[in-house]
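All remarks here apply to the structure that follows.
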Amino acid sequence: MFNLSKEDIEKIDHMFNEVQNASKTFMGYPCNQDFDYDRLFPFLEYTVNNIGDPYIPTHYRLNSHTLEREVLDFFAGLMHADKDNFWGYVTNGGTEGNMYGLYLARELYPEGIVYHSQDVHYSITKSFRVLRMKNIMIRSQKNGEIDYDDLKETIHIRREVPPIFLLTIGTTMRAAIDNVGKIRSMMEELAITEYYIHCDAALSGMILPFIDNATPFDFAAGADSISVSGHKFIGCPIPCGVVLAKKKNVDKISKFVEYVGTLDTTLTGSRNGISPIFLWYAIKNIGVDGFKKKVSDCLERADYALAELNKLGCNAWKNDFATTVVFDRPSQDIINKWQLAPQGDISHIIIMPSVTKEMIDEFLDDIKNAKNKG
Ligand SMILES: *Cc1c(COP(=O)(O)O)cnc(C)c1O
């Protein structure tokens, strides 16, 4: 380990500086950087690997399954999962959780067609290809939410095929929420009883449960599986996430898996055993009340940014319950500096616990200066 040349050491130091600097102007992606995991660093000296199902004992005991199950219990509580009928695991991120949900849905309804909005996350389209699932893209409304009329018309003419809904709970650009309740009413109206609802709640899955009267999306509302990212609102140096599904459904496909004898319950074999410890630590330290406070503070700063951007004539707006503020696409300099994600003529900032009022003010100054110059 001590064979690094002077040049190599400089490279590492340079990398560290770059990372440090980039984190100071980071507002376009929903990754909270406000965390402190120092206490857990000793774990990094071990090859903690959560290989296999977190609920099944294995010979590989160098794992954190016990804490992983507590993390899953926490999310199951937040998402109102049935205590006796849920299963899940800590994933490598929202993408894996979504792929797991789709995989489960496809095994249950091999002929099913997936319906999703135009605003679906780009990674989902890739999962459709990997899983070879037939999918139909539905128009989005202006606010980024799926267009229910278009959806209903589209399903109406394919009533014989079980629909699989890939709903986005907090879209990437506009943090719009597809309404699980409206989908269920639609199924009732169409007298369709065989369907599956997966909620991609990568970001908002850790925001909405802490807001009174937010649009429901959880198991009580009718979801069959839910994926949430761990490194977004909670914050974690290692990308991670949680996927939850109904145990009865998972059991159906595990049987199928035993029969084939090649796959196991989780998508990957070896699994990161460190991130469940990090998530557990954050959850224990922050707690439900702590998350409530963080969410309400972020919403407050989002309202502030929204009002100030409008004073500068940026046509800013945001969806209800969102910490994502959408506005006219700014200059390329500003996009580069603040690492913003543009889409056509709009862009956004996402207020996370690590996005301080000072950062917002500096950003507003940049916008103001650019307008004066322009
Ligand atoms: C971030 C995000 C994803 C992907 O999650 P990762 O944790 O980056 O894999 C999927 N869907 C939505 C809506 C997201 O915001």
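Where a number appears in this text, it was derived from the coordinates with a stated rule and is not lab data. Bear in mind the structure is a predicted one, so any value in this text is a computation, not a measurement. Because the Cβ atoms are built from the backbone with ideal geometry, glycine has one as well, and the counts that use them run over all protein chains shown.
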Query raised in the report: So what's the net charge close to Lys83: Lys and Arg +1, Asp and Glu -1, counting the other residues with Cβ under 15 Å from its Cβ?
Result: -1
**Report entry** Nearest-20 debye value, the chain charge dipole, Cβ charges on Lys, Arg, Asp, Glu
**Finding:** 400 debye
Requested in this report: Provide Rg and Dmax in Å for segment 163-210, with only Cα atoms included in the calculation.
Outcome: 11.9, 34
Query - Charge dipole magnitude, Cβ of K and R +1, D and E -1 - segment 81-120, Cα centre, debye nearest 20 - result: 40 debye
Report summary line: One would report the antiparallel percent of DSSP beta bridges in the chain, rounded to the nearest 5, as 60 percent
Query raised in the report: By average Cβ neighbour count within 10 Å, what is the ranking of 220-226, 290-296 from highest down?
Result: 220-226, 290-296
Query raised in the report: Using Cα pairs under 8 angstrom and six or more residues apart, how large is the relative contact order of the chain, in percent?
Result: 24 percent
Requested in this report: Evaluate the charge dipole of segment 1-136 about its Cα centre and quote only its size in Debye, nearest 20, assuming +1 on the Cβ of each Lys and Arg and -1 on the Cβ of each Asp and Glu.
Outcome: 520 debye
**Report entry** Amide H within-cut-off set for Asn272, under 5 Å, with H built and near neighbours excluded
**Finding:** Asn50
Query raised in the report: When the chain is treated as a GNM, springs tying every alpha-carbon pair under 10 Å, which of Leu104, Leu78, Leu131 comes out with the largest mean-square fluctuation?
Result: Leu131
Query - 16 Å tail of the calculated P(r), segment 281-374, as % of Cα pairs - result: 56 percent
Query raised in the report: Plugging the Kirkwood radius over Cα pairs into Stokes-Einstein for the chain, at a temperature of 25 °C and a viscosity of 0.890 mPa s, what D comes out in µm²/s?
Result: 112 µm²/s
**Report entry** For the chain, with +1 on Lys and Arg beta carbons and -1 on Asp and Glu, the positive-most of His65, His156, Leu40 along the dipole
**Finding:** His156
Query raised in the report: For the chain, modelled as a GNM with alpha-carbon contacts under 10 angstrom, which of Thr268, Thr95, Thr168 fluctuates the most?
Result: Thr268
**Report entry** Distance between segment 148-220 and segment 353-374 - C-alpha centres, whole angstrom
**Finding:** 36 Å
Query raised in the report: What ranking do 184-193, 59-68 get when scored by the average of other Cβ atoms within 10 Å per residue, highest first?
Result: 59-68, 184-193
